[in-house]
Every structure is written in C-alpha cells, then in structure tokens.
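Everything below concerns the one structure shown next.
Only the coordinates and a few stated rules stand behind these numbers; no lab work does. All figures in this text were calculated on a predicted structure; none of them were measured in a lab. Heads up, the Cβs are rebuilt from the backbone with ideal geometry, glycines too, and the neighbour counts pull from every protein chain shown.
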Amino acid sequence: MGEWQPIATAPKDGRQLLLFCDDYDPAVFVGAYGHTELPEGHEDYWEGWSFSEELLMSYCSEEPEPTHWQPLPDPPTT
C-alpha cells in the first residue's frame, strides 16, 4: 500500500480511492470524486466526494470530508 497523501493531490477522474476522514470512526472509506450535470434547463450541478450510501447511513450523521487519500491496494491474485 502507498502512503497517505493530502486530499488536494487526489485524482478527480472518478476512480475509487481509500479516503481518510479524521472526524469519523471508522475513518477510512472507499470513495471517488465525481460530478453530475443535469439536462439543459436545470440549474442543479453536483461535484464532490461520493461514498457508499449504506456505509454513510451506518456510520455517519453527515457526509465525511476526507483529508487524505491513497490508491486502493491491488486485488488478491489467488
């Protein structure tokens, strides 16, 4: 596994990452940075970190704000 890096250096291309959120226990989540644009005529636009809804509902009263990240580990080979 890699070293934890500041969240400002995280890729924002939609790939899943390990995210560290200091204010929560557990503090490590899998998430990705993304955005959504709605069809023309709508003013809504969302951009930010997304996490598993089930995970958030189980552990968090509000959405975590990650402070650090690292790539996901490689999957097992066997």
- Query: Each residue of the stretch 10-15 in turn: what ³J(HN,Hα) in whole Hz from Karplus with 6.51, -1.76, 1.60 and θ = phi - 60°, glycine and Pro shown as x?
  - Reply: 5, x, 10, 10, x, 6
- Message: Using a Förster radius of 25 Å, what is the FRET efficiency between residue 23 and residue 70 based on their Cβ-Cβ separation? Nearest 0.05, please.
- Response: 0.85
